[in-house]
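Here, each number is a calculation from the coordinates, and none is a lab measurement. Model, not experiment: these values are computed from the prediction. Glycine gets a Cβ as well: all are built from the backbone with ideal geometry, and neighbour counts include every protein chain shown.
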Ligand code: CP
Ligand code: NVA
């Protein structure tokens, strides 16, 4: 049964283990149907608004192409093009958009904004990234892990190490995914980049139900020991002021994903994940600026060598943004998502 119909998706913990499993399996079905050119449309005549207060490549285009594949229409709103929050309240905007649209995707700086949107809307609200969480990214990550794990290990037997800024939206969503699905997570960072204590303790407590393991450590060797996956994210997140860049990079320099870190796993099957965008070389303005200024070793949070290595599955992860976002849209907007099989 589809219990997700008409529901919001603001963070992973809005859903149960069974509901996340349902979404991942639906994504896999949709992916196969698309590859076999047999996809059926079940979102015809649906109108979806995509509000982006910050830039995006994967999330925006995954929502747009998923909607197109399923027959829905989208309106894209970029930074600075809507009254919301300036001349009109978030509450009023949400009520008005609920009269025109069937769902709202929101990417923005503040998680409070999406909470206000959801409290005042009568249609599903999907979180496309806030300062606190990036749940649609984790749907893609879980599908990628399910598809690529050595000897098809089930999710509940997977160990992963998240290294770098573990206090950010990806870190917090990785924690929630770990708790829900019962994974073994090692967060590796200097102490000041560990998650907020209250949030971490709540996750540890809730993780007892699913047998999740959560370790925070400053020691890379302990953290990556025999892990199935190493995950990293940009050290400079959207909205991080330039004033903190210098300190952040100096603090995290030691935590770059490079060949030494990979060898410390002592596991030849360890694979590398990154939500992207990645600063793995100097081919971007910001990558060039940071790697020259701070004398980093060919890349910022990850070296070019590791990014391109056979262990890296980052492009598979990026592809799965499309299929998992599509599953979310179909599950929340369609009473019977498996009409795609009829
Ligand atoms: N991973 C991710 O959310 O990428 P975008 O910022 O390009 O959407
Ligand atoms: N932590 C990053 C994630 C990008 C997908 C950011 O917020 O910019």
Can you pull the Rg over Rh of the stretch 1-146, Cα-only, Kirkwood? 0.95
Whole Å is fine, so just give me how far the alpha carbon centre of the stretch 277-342 lies from that of the stretch 77-121. 26
By how many nm would the segment from residue 289 to residue 76 lengthen if fully extended, with 0.36 nm per residue of separation less the alpha-carbon distance? 73.6 nm
Based on C-alpha coordinates, I'd like the Rg and Dmax of the stretch 173-300, in Å. 15.5, 47
Sort the following peptides by mean Cβ neighbour count (other Cβ atoms within 10 Å, averaged over residues), highest first: 122-128, 212-218, 32-38. 122-128, 212-218, 32-38
In nm, the gap between the two label points placed 7 Å beyond Cα toward Cβ at residue 341 and residue 208 is 3.8
FRET efficiency, 1/(1 + (r/R0)^6) with R0 25 Å, evaluated for residue 198 and residue 240 via beta carbons: 0.65
Calculate, for residue 298 and residue 226, the FRET efficiency according to 1/(1 + (r/R0)^6) with r their C-beta to C-beta distance and R0 22 Å; round to the nearest 0.05. 0.25
Burial order of peptide ranges 46-56, 195-205 (average beta-carbon count within 10 Å, highest first): 46-56, 195-205
Report the full-extension gain for the segment residue 217 to residue 33: residue separation times 0.36 nm, less the Cα-Cα distance, to one decimal in nm. 62.0 nm
Could you compute Rg(Cα) / (2.2 N^0.38 Å) for the chain, with N its residue count? 0.97
Do the sum for the chain: with -39,500 (n - 2.57) for every DSSP H run of n ≥ 4, divided by all residues, what is the mean residue ellipticity at 222 nm, to the nearest 500 deg cm²/dmol? -13000 deg cm²/dmol
Taking R0 as 22 Å, what's the FRET efficiency between residue 44 and residue 3 from their Cβ-Cβ distance, rounded to 0.05? 0.40
Extension gain from residue 148 to residue 25, taking 0.36 nm per residue of separation minus the Cα-Cα distance: 42.8 nm
If I model a spin label as a point 7 Å beyond the Cα along the Cα-Cβ vector, how far apart are those points for residue 96 and residue 250 in nm? 4.7
In terms of the alpha carbon gyration tensor, root eigenvalues a ≥ b ≥ c, rounded if a/c is under 1.5 and otherwise prolate when a/b exceeds b/c or oblate, the stretch 81-237 is prolate
